[in-house]
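A.B. asks: Provided herewith is a single structure, encoded as structure tokens, for subsequent inquiry.
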Amino acid sequence: MTHDHDHSHDHSHDHNYSQDHDHSHTHGTGQAHSHDHTHELTFEQKLEKLFSHWIDHNDSHKDTFYTWAGRAKEAGLDKIAANIEKAGKLSEDVTLQLRDALNKLKG
């Protein structure tokens, strides 16, 4: 028995939303030194990044649901396909809610 699996996206996440950079420069004295600048994002900026991430991630799942619903139909599993397709439609609703929240945030 062979299995066809669609594993096209990664589930690793990096939620470190501070922006760090350092640089060095020379003052008029000829002495070089470096500075470490940490720019913490505002709460709204963090939410904006999260909304974008969640929308992309959710859309990926939605597409996978529809793909597997089609495969289940092809395999004659119509009742199961209907459940998977409903999950895809619910994912569309989730994306709509996230987009609405993002638009309000950008307002």
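The values are calculated or read from the model by the stated rules, or taken from the named source; none is laboratory data. Only a predicted model underlies this, so the values are computations on that prediction, with no experimental measurement involved. Here the Cβ is made from the backbone with ideal geometry for all residues, glycine too, and neighbour counts use every protein chain on show.
A.B. asks: Is there a residue in the range 45-56 that is part of a helix (DSSP H, G or I), free of Cβ contacts under 8 Å to residues at least 24 places away in the same chain and more than 30 Å from Gly107 (Cβ to Cβ)?
C.D. replies: For the range 45-56, residues part of a helix (DSSP H, G or I), free of Cβ contacts under 8 Å to residues at least 24 places away in the same chain and more than 30 Å from Gly107 (Cβ to Cβ): absent.
A.B. asks: When you scan the range 69-89, do you find a residue that is touching a strand residue (DSSP E or B) at 6+ places or on another chain (Cβ under 6 Å), surrounded by fewer than 15 Cβ atoms within 10 Å (Cβ to Cβ) and of a type outside the set (Phe, Trp, Tyr), even just one?
C.D. replies: In the first step, residues of the range 69-89 are kept if they are touching a strand residue (DSSP E or B) at 6+ places or on another chain (Cβ under 6 Å); the result is none.
No, the range 69-89 has no match at all.
A.B. asks: Considering (1) modelled with pLDDT of 90 or more; (2) surrounded by 12 or more Cβ atoms within 10 Å (Cβ to Cβ), say which one Glu44 fails and leave the rest.
C.D. replies: Among (1) modelled with pLDDT of 90 or more; (2) surrounded by 12 or more Cβ atoms within 10 Å (Cβ to Cβ), the lone unmet condition for Glu44 is (2).
A.B. asks: Sticking with this structure for a sec: Quick one: which residue in Gly76, Gly88, Gly30 is in a loop (DSSP other than H, G, I, E, B) and modelled with pLDDT of 65 or more?
C.D. replies: Working: Gly88 fails: in a loop (DSSP other than H, G, I, E, B); Gly30 fails: modelled with pLDDT of 65 or more.
The match here is Gly76.
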